[in-house]
Amino acid sequence: MACRKDYRDLTPTEKDRFVQALHFVKANGVVAQFAADHDAHFSHGAHFSSHFLPWHREFIRRFEVALRAYHPAVSLPYWNSTADTSTSSPLWANDFLGPFDSAWGLNRSLGGATLPTPGDVDTMLGRGTYDAFWPDLETVVHNPPHNWVGGQMASRTSPNDPVFFLHHCWIDMIWAQWQLRHPGEPFVADSLSTGLNDPLSGWSTTPADVLDHRTINSYDYLAGWTIDRPRVTIAPGTEPVRFLDVPDGSTRMAAVVVDVDACEPLTFVVEDPVAAPPFGKVAGSVVVNPAVDTRGRLWLTYLATTAGATHSGTVRVHCADAVFDETVDLYGESIPRPTAAVAMVLDRSNSMNYDSGIGPGISRAEVLRFSAPPAVDVTEDGHALSVSHFDHDAHAGIGLTPIAGIGRTLVNGAIGDYAPNPNGWTSIGEGIAFAHGLLQGATETVRAMVVLTDGQENHGPHNRLTIDQVASTVVGDRVFAIGLGQGDAIRPEKLTQLCNGTSGYMLLTGALDGSALFRLAKYYQQIFAGVTNNEVVLDPDGLLGVGQEHRIPFQLTEADIDAKAVLLTPAPGTIEFEIESPAGEVVDAGTAAAHPMLDFSTGSAVALYRIGLPLPLGGPDDAHAGTWHAVLRRRAKQQSRTHLERSAQTGVVPYSLLVQAYSNLRMQVYVVQSGWSPGAVVTLRAVLTEYGVPIERGATCVAHVTRPDGTQGLVRLMEGADGDFEGSFVAAYDGVYQLRIVATGGTRRGRTFTREQLRTAAVWLGGGSEPVDPNGGNGHEELCELVECLLGEEGIRRLLERHEIDADALRKCLEHWCRTDGEGGDAGPPARGGKDATVESLRNLLVDKAALESLARHLHRP
Amino acid sequence: MAKRKASERPEERPRVEVVEGEAGPQLVVDGLLRRHDTLPNGQLVLDDYAYDPADDLEELGRRFADHLDRAAAARAERGDA
């Protein structure tokens, strides 16, 4: 409800908004129409009749409505002409109504009459009956200001002067005050046509319709005047307060929502709920300031402690100023903590044998076998995982297996058994359909699949299901995808579309190199965290030398229910890994083994702590919210076993520390591209919620963007609605953009929090156009495989070196050629030439001096 | 030099006349016909001076003239044209 107050109490914003609204209605002809209406009805009841006051109450209400077409927060202010009597008062200043005189041709003659006095108003307010009140009010208090202003204001078309409305707002307030002081005094008609239920001149509205001004507005009365009692109502549809489907162990917030009709701030007291816990209050006292928002929220909490349980309770809220005292029903419903069934779907086409780029001799398959198991190791008991593969057909690895006891080992064993098929194609649709079948039997709450591929869908001569064909069948599954490579090779358009349509997303690794050792592992970790309702708190990388110690701070808050500190490294046994609580208490593997709320475990490339919160560690307070530290120390070098371990033994050990929390404070991230060609706009959106409601203002959100050329930039996401951030950038360069979205802020209790997520965007030349012959290949597969094989031979590499040809650049060039039409156009039907033709093509390529020289020109080492 | 107030210049007072027109008596001020109307209570008001009703046209004309004088004086006081 609008609050009408003295114009001198308007804030600068309110004052400016009111002036602009006046110009708005003037330009729209509203002012002229109101002046004409006033003129037309002047002698027909609008003045000098018992309808004088109700007619003008309705008249200024309608004008106020017109002003709100400019801005909904505009209210009429009033001019107290008994106290504000100077011709040089702020009323006539240049920032308010002064300039209207000449601009609107009002011909004012301020001071050309005698204004009423406060005593006159007091006298009017003392009149005991309506028929004694209104005539004197009109004559003694209402008329003189019209003539004092003069010009248009003194005429029948006085609404041409905007001060008319401030003056009549004041007169209306005096009537409202008289009504408060004389409750029950009836409306008295002065003629047969100006009664309580007679229509006001020009409208069907009657005085009875407008007798209660509280249906229109509130007044900020003068000091010492009787005050309209503030009115408070529970917002419709918000009672009882419901906390539905709250996972076991989680806390949710919901509010008693009150609508306030008052001019002054009101203080509400929230008693402890009956049935506390599980219900609780956030604050015992809440001030609702209707000048800021007429809707107040009295927040309550519900802690779900027993899966399947329901709870009922009540909470009493009261406000003395408004004589408001209500008991509100509460209802809470606990559900089991959501569990997830996740199908890992792995591409085993031949290209997974190709060099990964991470290091010499490390294939993509090897990177996969390194990267996926830590995500399995980190997944909590209660979830289920499966592993399946696809080439041009789908193949079972291991069916859905509960992650408890031996289950984790079995799933990791299935990943370890993964091997590419040298003759395999890339039938992604078959892989998805197979995984969907595996998930059909799942009893877990969430069904998801994570599809890993390093190429575009390509069935060769086989007639197989496509992504398009299976897209409509995966209803109920969240689909995530990881593209191992560049956008132009993987052509992620359709897979991204499928993922986005199932609340999943797709990530691309881009070109991998030694610095991207953990990229695929991080992708798996983040996706698994998301589907198992864990939030990524922090995700830094580092290099740890012998004898070094890294202390990495991370923030946990009271909104976090439990946490995991995950150390990814090729050589977990070479790093001492400890956790330090905010009070400095140290947790190591030994502590964790003996503590019921701690767990420490290791895998082939991971070490992790599971931390229950709050965590009793013997100090005066249980460890929970505050700054924790992960402490990493490097032991002496040890013999490494695998390629990846050896790649790490360069004096320093690379690591990635990942802190996750099962939390009431969540961040959802959405990435949308306007297209797939360079120049596409990438829009990022992050939504932060705490206890299920948008986080209050004050958080910041940025995206660290690593461009395809490795340079970095920052995109600041701006907050629109509370907790809702958005930003965008133009992806101008061909390649994959790595996006790290980081949010920082404070919880409702003022604790610092951080949240991170990784996303990618990709554009490439020709992006978005139909891939060339996606199911038939380009007819050069055998040649490509042979060249790939030859380029892996050291002798051939040395030969190329002698000709100053960069073998890696040649490989990339050939890979690109192998994935597209070698002629640069639509290849049409596959023209697989057979082995003889392939060998002949290769021989021609390698012995043709001109061809080699041409290659050398293109691939010459800088 | 201080301006002389309009009220101090009796020779410049508005000239008020009541003349008979086709629709009855009409008020003419400084040669200009000023429309008037009758309120439900029988009092008269001018369109241009609507908030000071009078019982008869002559009285209304006098009041209007006074108002014009005061307005002119107020404008002169403020240095307006």
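Over the range A:2-219, the Kirkwood radius and the radius of gyration, each from Cα atoms, give a ratio Rg/Rh of 0.93.
Counted by neighbouring Cβ atoms within 10 Å, the residues A:T233, A:T13, A:T379 run from fewest to most as A:T13, A:T233, A:T379.
The alpha carbons of the range A:234-346 give a radius of gyration and a Dmax of 17.1, 66 Å, in that order. Pairs over the 32 Å Cα-Cα cut-off, from the set A:K15/A:K281; A:K494/A:K522; A:K5/A:K26: A:K15/A:K281. For A:T473 and A:D541, FRET efficiency with R0 = 30 Å and r from the beta-carbon atoms, rounded to 0.05? Working from the Cβ atoms, E equals 0.20. Rounded to 0.05, the FRET efficiency of the A:A721 and A:D136 pair, given R0 = 41 Å and the Cβ-Cβ distance, is 0.20.
For A:D560, nonlocal amide neighbours, meaning residues 5 or more places apart or on other chains whose placed amide H falls under 5 Å from its own, are A:N664.
Sequence-ordered 3J(HN,Hα) estimates for the range A:18-35 from the Karplus curve with 6.51, -1.76 and 1.60 and θ = phi - 60° stand at 5, 4, 5, 5, 4, 4, 4, 6, 5, 5, 8, x, 5, 4, 4, 5, 5, 5 Hz, glycine and proline given as x. Taking H as built 1.01 Å from N, whose amide H comes closer than 5 Å to the amide H of A:A2, not counting residues under 5 places away? Answer set, sorted by chain and number: A:S218. Peptides A:586-599, A:404-417 ordered by packing proxy, namely the average of other Cβ atoms within 10 Å per residue, highest first: A:404-417, A:586-599. Here the range A:504-593 yields Rg over Rh of 0.97, to two decimals, using C-alpha coordinates and the Kirkwood radius. Helix A:428-439 and the longest principal axis of the Cα set of chain A meet at an angle near 70°. The value of relative contact order for chain A, using C-alpha pairs under 8 Å at least six residues apart, is 8 percent. Highest mean packing first, where packing is the average number of other Cβ atoms within 10 Å per residue, the peptides A:603-609, A:317-323 line up as A:603-609, A:317-323.
Distance between the pseudo-spin-label points of A:V730 and A:A419 (7 Å out from Cα toward the beta carbon): 5.1 nm.
Using the Cβ-Cβ distance between A:T752 and A:Y670 with R0 = 22 Å, the FRET efficiency computed as 1/(1 + (r/R0)^6) comes to roughly 0.35. Relative intensity of the range A:36-161 on a log10 scale, I(q)/I(0) at q = 0.15, 0.17 Å⁻¹, equals -0.82, -1.06, per a Debye sum over C-alpha point scatterers of equal strength in the absence of solvent.
Any idea what % of Cα-Cα pairs in the range A:664-768 are farther than 17 Å? Pairs farther apart than 17 Å: 50 percent.
On average, how many beta carbons from a partner chain sit within 10 Å of the beta carbon of a residue in B:38-51? Mean partner-chain Cβ count within 10 Å for B:38-51: 6.
When the inverse distances between all different Cα atoms of the range A:72-125 are averaged and flipped, the Kirkwood radius reads 13.1 angstrom. Per residue of peptide A:133-146, the mean number of Cβ atoms on other chains within 10 Å of the residue Cβ is 1.
Coordinate range of the alpha-carbon atoms in the range A:539-655 per principal axis, descending: 45, 22, 22 Å.
The per residue volume of the convex hull around the alpha-carbon atoms of the range A:340-532 is 99 Å³. The three principal axes of the C-alpha atoms in the range A:1-72 carry coordinate ranges of 38, 25, 20 Å, sorted with the longest axis first.
Only Cα pairs under 8 Å and 6+ residues apart enter the sum, and on that basis the relative contact order of the range A:654-705 stands at 31 percent. Derived from the Cα gyration tensor, the three semi-axes of the equivalent ellipsoid of the range B:12-77 are 21, 14, 8 Å, largest first. Computed over the Cα atoms of the range A:291-384, pair by distinct pair, the Kirkwood hydrodynamic radius stands at 19.6 angstrom.
Descending by average beta-carbon neighbour count within 10 Å, the peptides A:444-450, A:333-339, A:179-185 line up as A:444-450, A:333-339, A:179-185, the highest first.
Modelled label positions at A:A307 and A:S204, each set 7 Å beyond Cα in the direction of Cβ, lie 6.0 nm from each other. Max-minus-min Cα coordinates of the protein assembly as shown on each principal axis give 124, 72, 57 Å, with the largest extent listed first. If one takes the longest principal axis of the Cα atoms in chain A, at what angle in degrees, from 0 to 90 and to the nearest 10, does the Cα axis of helix A:519-531 lie? For helix A:519-531, the angle is close to 50 degrees. Counting every pair of alpha carbons in the range A:182-247, the share spaced more than 16 Å apart comes to 69 percent. Between A:R478 and A:R447, A:A448, A:M449, the built amide H atoms are under 5 Å apart, and every one of these is 5 or more places off in sequence or on another chain.
Were the residues from A:A275 through A:H318 laid out at 0.36 nm apart, the gain over their Cα-Cα distance would be 13.6 nm.
For the range A:324-344, the residues whose amide N sits under 16 Å from a probe point set 7 Å from the Cα of A:L244 along the beta carbon direction are A:330-336.
When the label point is put 7 Å from the Cα of A:D513 along its Cα-to-beta-carbon vector, which residues of the range A:748-762 have a backbone N closer than 20 Å? Residues passing the 20 Å test: A:760-762. If you line up the long axis of helix A:406-416 against the longest principal axis of chain A, both from Cα atoms, how many degrees apart are they, to the nearest 10? Compared with the principal axis, the helix lies near 60 degrees. Taking every Cα-Cα distance in the range A:339-421 and sorting them into 5 Å bins from zero, the calculated P(r) comes out as 3, 16, 26, 22, 16, 11, 6, 1 percent. Averaging the sequence gap over all C-alpha pairs within less than 8 Å and six or more residues apart, then dividing by the number of residues, gives the range A:664-768 a relative contact order of 31 percent.
A short reminder: the numbers here are calculations on the coordinates, not readings from a lab. The structure presented is a predicted model; accordingly, all values stated were derived computationally and were not measured. Neighbour counts are summed over all protein chains in view; Cβ atoms, including those assigned to glycine, are modelled from backbone coordinates with ideal geometry.
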